[in-house]
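All remarks here apply to the structure that follows.
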Amino acid sequence: KQLIHEHMDAKTLERYRGSQQIAAAFAASGLPAVAALDAVSEPLREVAGSWFLAFPWIDGARAHHARLTVDQARTVGGLIAQMHLRDLEHPAAHAANWRSIPEEQWRSLAGRSAGRSADQPWAATLSEQLPELIEMSDEYCVAADALGDEPTVIGHRDLDLKNVLW
């Protein structure tokens, strides 16, 4: 996997290292997780100015939205539950980054998109949903404050079908 060069600062590289160490820990605990080669020591490789992660070959097919079955969704949901039940500890997981979009920013985004509604077909939906989005952001901030430095559950931050092999 070639990483996007423009986004590779020291903090991002460290997050990639942590994510691969966590993937290796999930795999070691019996889950069907795939970590980059050398995930524990140094999973990142720089070649000619570009960063790469090398993974072992896995025979399988990527999941596709159009062909996703209810049973496959249940399988993925079950795996997520197992991940959460593992109660893994890892230093990378304790760097929680609570971010919420403030009300002013939501309103600005809605205003800018409404001004270009021909280019932004979702502008009307954003404006309609603005009260709910602001309410969810406020609830998110309250929850983040309540959690503080509590231990976090380690899960998957990019669980998209592109990251699921059958």
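Would you mind getting the accessible area per residue of the chain, heavy atoms of the protein chains only, 1.4 Å probe, in Å²? Walk me through the numbers before you get to the answer.
Details: 11830 Å² over 166 residues.
Spelled out: the 1.4 Å probe surface of the chain, per residue, equals 71 Å².
Per DSSP H run of n ≥ 4, the term is -39500 (n - 2.57); total these for the chain, divide by its residue number, and report the mean residue ellipticity at 222 nm rounded to 500 deg cm²/dmol. Present the calculation step by step, with values, prior to reporting the outcome.
Working: 4 runs with 73 residues, N = 166.
After summing the helix terms and dividing by the residues of the chain, the value is -15000 deg cm²/dmol.
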(message) Taking the 0 to 90 degree range and rounding to the nearest ten, how far is the long axis of helix 10-28 tilted relative to the main principal axis of the chain, both from C-alpha atoms?
(response) 60
(message) Restricting to Cα pairs below 8 Å that are 6+ residues apart, what does the relative contact order work out to for the chain? Please round to a whole percent.
(response) 25
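Whenever you get a sec, compute what percent of the accessible area on the chain sits on carbon and sulfur atoms (1.4 Å probe). Show your work: numbers first, answer last.
On the way: 6600 of 11830 Å².
Carbon and sulfur: 56 percent of the exposed surface of the chain.
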(message) How tilted is helix 70-85 with respect to the longest principal axis of the chain? Cα atoms for both, answer in degrees (0 to 90, nearest 10).
(response) 80
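The values are calculated or read from the model by the stated rules, or taken from the named source; none is laboratory data. Just so we're clear, the structure is a prediction, and the values are computed from it rather than from any experiment. Each accessible area value is taken on the protein alone, full model and side chains, heavy atoms only, with ligands, DNA and RNA left out. Shrake-Rupley method; radii C 1.70, N 1.55, O 1.52, S 1.80 Å.
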